[in-house]
Amino acid sequence: MTKRRIGFSIFPGWKEIKDEQISLLKNARDLGFSEIFMGIGPGTHWRTPVNEALSVAKEILKEANKLDYYAFVDINPQILKELNASPRNLSMFMEIGFKGVRADYGFSKEEIVEMSKQMTVELNPFEISEEEVDFIARNANLERIKACHNYYPVLYSGISKEIFIEKNRIFKERGIEIGAFISNPKFNLRTTLEVLRYVEPFDSANYLFKFVDRVLIGDPIPDYESLRQVSEVFKSDITKIRIKVYDESVGKRLDKKFAVENYREFAIVCYTRDNIYEGETCYTKLFKNAVAVRGREVWIFTRDLGIGPYRLVGEIDDINMEIVKMSSEIMLISK
């Protein structure tokens, strides 16, 4: 079974926040973060030349490698040209402490195999075909091949869940680890899936881990709360679903494990051993995303309905609803 991992992004060319990026290293490592994505190209900071960004990266990597991070850097043929490097010679990246390169675009399958002889190569799912992945799998050491999606900073430009799943299939079937990005509330820019652009880090990490092995915060210098939320999801051995609780007297009884049934017509039913609510039957108007209880069951309704005999205790948002649908066992916690 693939081990899950969490990471974050650093942009060395963004010199104004260099000290904040360095100070992030220790706090994040203490919370379980173990990967760093670095962007050194002009798209991450227009005023810093690539060679200068690489020099700053060296300084950051000195501290990162003391903490045993896996750090990988985004490259393309233009970046390699500016640094007098090539697919056959990635020594400058290895010498300053990078453990991997992400082949963003512009590389042939043969060049990727050549790069993998030197260090780990992260494939871009949107720049490589299934046939090319097969060639790489046959000719490279698969332990040095991973995949990492793009992030999409422009509003509405992120990819759909359906395309995401199809791209991931290519790598999952071949045992290749996959990573993707979530944004954080400071910027809400660098996300892979558009549906997660404005979603809190806890929920977006929870959602993304249903599809990938590695979740990385795309936006730089996430605050401690964002790091903590992603860390909590990463460390949990059960999917935690957050609901907005109306009735705290009943809501506090929901903090336990539930098995999930998905076959009802109008609701997802989550059940546990012990009774949650033993009071009088209540008749209430039921609506999409309503959370109600009956005995030892929690009912999460999937559409607007009429009045039914349930005790309404709260509501769930659309992202958490999707997470429930993809889960067989959950724990309900108050949002």
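The values are calculated or read from the model by the stated rules, or taken from the named source; none is laboratory data. Worth saying up front: this structure is predicted, and the values here are computed from it rather than measured. Every residue, glycine among them, receives a Cβ derived from its backbone with ideal geometry; neighbour counts consider all protein chains shown.
Would you mind finding the one in Ala28, Ala71, Ala53 that is among the aliphatic types (A, V, I, L, M), closer than 26 Å to Val230 by Cα and assigned to a helix (DSSP H, G or I)?
Ala28
Ser236 is checked against (1) buried (at least 24 other Cβ atoms within 10 Å of the Cβ); (2) over 9 Å from the mean Cα position of the chain (by Cα); (3) of a type in the set (Ser, Thr, Tyr) and fails just one. What number does that condition carry?
It fails just one condition, (1).
May I ask you to list the residues in segment 305-330 that are of a type in the set (Lys, Arg) and either within 28 Å of Phe211 (Cβ to Cβ) or surrounded by fewer than 17 Cβ atoms within 10 Å (Cβ to Cβ) (or both)?
Result: Lys325, single match.
Taking strands (runs of 3 or more DSSP E) that fall entirely within segment 272-332, which contain at least 1 residues that are closer than 15 Å to Tyr246 by Cβ and over 24 Å from the mean Cα position of the chain (by Cα)?
Details: elements: 283-285, 290-294, 297-301, 307-309, 311-315.
Qualifying strands (runs of 3 or more DSSP E): 283-285, 290-294, 297-301, 311-315.
Could you tell me which residue of segment 288-304 is nearest to Asp203 (Cα to Cα), considering only residues that are surrounded by fewer than 16 Cβ atoms within 10 Å (Cβ to Cβ) and touching a residue at least 24 places away in the same chain (Cβ under 8 Å)?
This residue is Arg303.
Out of segment 1-39, which residues are of a type in the set (Val, Ile, Thr) and modelled with pLDDT of 95 or more?
Narrowing segment 1-39 to residues of a type in the set (Val, Ile, Thr): 2, 6, 10, 17, 22, 36.
Those that are of a type in the set (Val, Ile, Thr) and modelled with pLDDT of 95 or more: Ile6, Ile10, Ile22, Ile36.
Return yes or no: is Asp247 modelled with pLDDT under 95 and over 12 Å from the mean Cα position of the chain (by Cα)?
Numbers: modelled with pLDDT under 95: yes; over 12 Å from the mean Cα position of the chain (by Cα): yes.
So Asp247 passes the test.
Do you know which residues across segment 131-163 are of a type in the set (A, V, I, L, M, F, W, C) and surrounded by 13 or more Cβ atoms within 10 Å (Cβ to Cβ)?
Result: Val133, Phe135, Ile136, Ala137, Ala140, Leu142, Ile145, Ala147, Cys148, Ile159.
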